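Notes follow the structure.
The values are calculated or read from the model by the stated rules, or taken from the named source; none is laboratory data. Note that the structure is predicted; figures quoted are calculated from it, not measured. A quick note on method: Cβ atoms are made from the backbone with ideal geometry, for glycine too, and the neighbour counts reach across all protein chains shown.
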Amino acid sequence: MSEKEILQIIVTLPWVIFLSITGGFVAFIRRLNNATEPQPLGKIFLKLTGELVISGFVGLVTFLLCQDFELSANQTAISVAISGHLGGNAIDQITKLSKIFSNTVDNKESKNGD
């Protein structure tokens, strides 16, 4: 990796984090507006903090994947914002799929072992 590429990534990372966290914030506000029961303010801030951290992480991972696939800057920005909006939901879905897959593999192995 050249010095120019490293500098470009360092300059781009704050924008990546900003886009992904903004996506997570929008998702949080939408869920908060749809909530039917009031919650304590401390709990709301704790959930917001968690959502922003997860969105930032997912956005960073998405950015790195987009760099690896050599997507354009616009495609990368769109992907980062959408993944930031999905945030924890994307991680939850991946976790569910991995559990389903591991159960399927375990069942096949137990049938073959009998």
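Going by the conditions given, is residue 9 assigned to a helix (DSSP H, G or I), in contact (Cβ under 8 Å) with a residue 24 or more places away in the chain and under 12 Å from the mean Cα position of the chain (by Cα)? So that I can check it myself, show each step before the final result.
On the way: assigned to a helix (DSSP H, G or I): yes; in contact (Cβ under 8 Å) with a residue 24 or more places away in the chain: yes; under 12 Å from the mean Cα position of the chain (by Cα): no.
Spelling it out, it is not the case that residue 9 is assigned to a helix (DSSP H, G or I), in contact (Cβ under 8 Å) with a residue 24 or more places away in the chain and under 12 Å from the mean Cα position of the chain (by Cα).
For (1) modelled with pLDDT of 85 or more; (2) of a type in the set (Gly, Ala, Ser), each residue gets a yes or a no:
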| residue | (1), (2) |
| --- | --- |
| 71 | yes, no |
| 83 | yes, yes |
| 93 | no, no |
| 98 | no, yes |
| 106 | no, no |
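Scanning the range 29-72 for residues that are aliphatic (A, V, I, L, M), over 14 Å from the mean Cα position of the chain (by Cα) and surrounded by 11 or more Cβ atoms within 10 Å (Cβ to Cβ) yields 29, 32, 44, 46, 48, 71. If you go through the range 64-74 and pick out every residue that is part of a helix (DSSP H, G or I) and either under 24 Å from residue 30 (Cα atoms) or charged (D, E, K, R) (or both), you end up with 1. Please tell me if residue 59 is touching a helix residue (DSSP H, G or I) at 6+ places or on another chain (Cβ under 6 Å) and at negative phi. Criteria met by residue 59.
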